[in-house]
């Protein structure tokens, strides 16, 4: 009677049936499972263990594991089973919910292939290279084994197609951060940043997930021909916030205003009575502006250019000419320098003038010259 009961309890499975089995042996290329209500052993080929490529079965299951499986084939002495198909069916239900809700998925990158990344979400998920990061990535090899966040951007169960994007998550987070930063940042703040991009008109600096523009005129107190003369991509810099346009989401920054100005300590660099070398930068009707340090110009009034009377500075000077100047007055607070060219010319003239009278043996007396002139007049 006991044998009759056991025979009744034994079930004959067909293709497509769902079974639950316990792993009794893990071989290199297949797994043996015990199906309690079947007289046949269950075999799971390595290709049916996962939606991804598996090198050895022990990477996926261990002895004693209880698995939900589907019958693929009924043989005389065994049931050929699939773990992959059951996992996929469960996964598609969950993935459709995540796709519809727009939720973020966190999972490990299982493989790096030509064109992108591969993840296992019960079904094979693919992340195209263009959807990995918001910036260009040349080599993806370091991504293998990393846990990243993703959003599903395309899902098609019929075609077994699942496309994900890490870039979408990054850009969404960046957008939220940008709104927060734009809300809280204020003109006058000095913050750390990193040069991201350089253009002909300036440099874009990342100040914590948001880029601000440092116009070429705000890179340095000195004249800048091209931004790459001053900054390089990846360079860490301090920037001062000049303006925040919240409506258009634009931030104007300055590097030069975080640095000592050209007039800083000018009273020490250009003390009253000191002599400096400079370059004539501009000529105006009332004098000449001479640059003595980068960004520091002083005025040589027309009366301080030459000893002789001149109508315009252009009679004596030209732009770009190098001259020696004497500091008449230095006012750091008002950023004013009063200079003189004439004072140095006068001093040079005095040094070169010969005050000694000629020796008698080498010349003639003034009286002799006058005497000769008188004699000629009498004649």
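Each value in this text was obtained by applying a stated rule to the coordinates, not by laboratory testing. Nothing here was measured: the structure is a model prediction, and the numbers come from that model. A quick note on method: Cβ atoms are made from the backbone with ideal geometry, for glycine too, and the neighbour counts reach across all protein chains shown.
Classified by the C-alpha gyration tensor, region 172-219 has an oblate form. Its axis ratio a/c, with a ≥ b ≥ c, is 1.5 or above, and a/b does not exceed b/c. Taken along the Cα-to-beta-carbon direction at a fixed 7 Å, the label points for residue 113 and residue 68 span 2.6 nm. The slack in the chain from residue 78 to residue 129, taken as 0.36 nm per residue of separation less the alpha-carbon distance, amounts to 14.1 nm. Spin-label model, residue 215/residue 245: points 7 Å from Cα along the beta carbon direction are separated by 1.1 nm. Contact order for the chain, expressed relative to its length and based on alpha carbon pairs under 8 Å spaced 6+ residues apart, stands at 8 percent. Can you give me the angle between helix 366-378 and the longest principal axis of the chain, using Cα atoms only, in degrees from 0 to 90, rounded to the nearest 10? Roughly 50 degrees, rounded to the nearest 10.
Compared with the alpha-carbon gap, the fully stretched path from residue 96 to residue 14 is longer by 26.6 nm at 0.36 nm per residue. For 46, 305, 310, the sequence from fewest to most other C-beta atoms within 10 Å is 310, 46, 305. With everything on Cα atoms, drop me the angle between helix 342-352 and the longest principal axis of the chain, reported from 0 to 90° to the nearest 10. Taking the Cα atoms of the chain, the angle to 342-352 is about 60 degrees.
Distance from the Cα centroid of region 44-82 to that of region 229-284 is 70 Å (rounded to whole angstrom).
Suppose R0 equals 35 Å. What FRET efficiency, 1/(1 + (r/R0)^6) with r the Cβ-Cβ distance, do residue 174 and residue 258 give to the nearest 0.05? E(calc), rounded to 0.05, equals 0.90. With the simple model of a label 7 Å out from the Cα in the direction of the Cβ, residue 334 to residue 30 spans 10.0 nm. The structure shown yields volume of the Cα convex hull per residue in Å³, and of the options (i) 123; (ii) 199; (iii) 274 that calculated value carries the label (iii).
Set the Förster distance to 56 Å, then compute FRET efficiency between residue 154 and residue 301 from the Cβ-Cβ distance, nearest 0.05. Once the sixth-power term is evaluated, E becomes 0.15.
Rg/Rh for region 266-350 (Cα atoms only, Rh after Kirkwood) is 0.94. Can you bin region 9-67 into rounded, prolate or oblate? Criterion: square roots of the alpha carbon gyration tensor eigenvalues sorted a ≥ b ≥ c, rounded for a/c under 1.5, prolate for a/b above b/c, oblate for the rest. In terms of gyration-tensor shape, prolate.
Each of 171, 322 was scored by other Cβ atoms within 10 Å of its Cβ. Listed from fewest to most, they are 322, 171.
Subtracting the Cα-Cα distance of residue 235 and residue 272 from their residue separation scaled by 0.36 nm leaves 9.4 nm.
Our note on the geometry: Cα centres of region 290-340 and region 165-214, 44 Å apart.
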